[in-house]
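Have a look at the structure below, then the notes.
The values are calculated or read from the model by the stated rules, or taken from the named source; none is laboratory data. Keep in mind that this is a model prediction, so the values were computed, not measured. Positions of Cβ are backbone-derived with ideal geometry, glycine not excepted, and every protein chain shown enters the neighbour counts. Note: areas computed on protein heavy atoms with side chains; ligands, DNA, RNA excluded. Shrake-Rupley method; radii C 1.70, N 1.55, O 1.52, S 1.80 Å.
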Amino acid sequence: MKMKFTALVAAAMMAAAPAMADLVVPSLSYRTGPYAPGGIPYADGFQDYFTLLNERDGGIGGEKVVVPECETAYNTEKGVECYEATKGQGALVYNPLSTGITYQLIPKVTADGIALYTPGYGRTSASNGKVFSNVFNYPANYWTAASVAIKYLLDENGGDLKGKKIALVYHNSAYGKEPIRTLEELAKKHGFELSLLPVDHPGQEQKSQWLQIRREKPDNVIMYGWGVMNAVAIQEAVNIKYPMDQFIGIWWSGAEHDVLPAGDGANGYKALTMHGTGMDYPVYADLKKYVADAGKGAGAGDQVGTVLYSRGMYAAMVIAEALRTAQGIAGTSAINAQQALAGFENLEITEARMAELGLPDFGQAFKSTCEDHGGPGMARLQQWDAAAKKWNLITGWIEPDMDVIKPLIMEDSEAFAKENNITARCN
């Protein structure tokens, strides 16, 4: 008889159960399956940052951080099973790196009193803290990203997109569909024509979509992809000679493994980013000294400094700062899940604090409140230099059009509240 996945996970973790005073931050990772090329570097960066805090600082506020890792293979059902298998270990927060898993966990973490942190993914309207008490998606989300992309294109076109054609190539899932409504509203506002081109999982077949792009000749292509879909799309764009500098990916479509397979053809491709790029930050010297050189790295060491390694590290940094904030509010270092929630809701990360953490000008400053769990939603653009095999930042922080975004957030979150009999809080 086969053991259920949950039973296997629980059995595997029993031997490594954390001490009661540890700060437990489970990692719902995916090192296997079609999305592993993105999941591996993110999981490595996430784990390594907490290892750095343990080795260099003795943890957070004197408490060691334990990061039990559970493999989801980017499968929603397995992700939920991982949550159920780890929450009893004193879990303080979950960061599942999957919109599908996020949607399923929102009611669970709310019932269980645990924080859910989904930076740059998940349910966008969860930024309304009045409705989503346990979910935090600062500093930016799918909808603000779409708005930033359009704002960038407005700047590139003298402030006028009337009559322009913009195509959205998107992963045909809850994730990929997230920006559609935002782009439709922005199309009405700015007068551009929007075409929608879904790509089915896992994304290896895109001939028809790119033949349509070749026929219609859109002025710009925006991509919300993940996994192999990204590399295939970029190669297909090369094949039809689509101008790479007119092709913009969301931050989940802008990693090294997305562009390297296309070689020189990928030169000039652009992607949004919510954080800095490269290793020119003091924290990387500490990661080398206390983690890599000490043989305590989470992975093989070949992902350090890549885009998604940095993103996993950034997510861990934000979580660590929220837990540190929670300790200050609670007056104790051994916080529980409810106290951790207060840390996430009252978190402020300033530019000065980023510099103290060895990450100057790496991420945008933000402050969370009861009402606002989403942050300012800004993003930068980075561009791929194929010869140097590196990303270069080409803009400063660009603000989204909140006149369009905020009503959409309120509409969606209020509908969710009505469907689930949730009374708005923060009054």
- [ ] Can you give me the number of residues within region 220-247 that are in contact with a strand residue (DSSP E or B) (Cβ under 8 Å, 6 or more places away or on another chain), assigned to a helix (DSSP H, G or I) and among the β-branched types (Val, Ile, Thr)?
- [x] 1
Task: Options Glu63, Glu81, Glu71, Glu77: the member that is touching a Cys at 6+ places or on another chain (Cβ under 8 Å), at pLDDT 95 or above, open to solvent by 10 Å² or more (accessible area, probe 1.4 Å) and not hydrophobic (A, V, I, L, M, F, W, C) - done: Glu71
Open item on the list: Quick check on my filter: what residues within region 273-291 are of a type outside the set (S, T, N, Q), over 26 Å from Gly61 (Cβ atoms) and crowded, with 19+ Cβ neighbours inside 10 Å?
Closed with: Met274, Gly276
Open item on the list: Pairs needed: first member in region 292-304, assigned by TED's automatic domain parsing to the domain that holds Asp44 and surrounded by 12 or more Cβ atoms within 10 Å (Cβ to Cβ); second member anywhere, at pLDDT below 95 and part of a loop (DSSP other than H, G, I, E, B); C-beta distance under 8 Å; at least 6 residues apart or different chains.
Closed with: Ala292/Gly301
- [ ] Answer yes or no: is there a residue in region 124-134 that is assigned to a strand (DSSP E or B) and over 18 Å from Cys370 (Cβ atoms).
- [x] no
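With respect to Leu52, determine if the residue is among the hydrophobic types (A, V, I, L, M, F, W, C), at pLDDT 55 or above, out of contact with any His (no Cβ under 8 Å at 6 or more places or on another chain) and outside any helix (DSSP H, G or I).
No: the conditions fail for Leu52.
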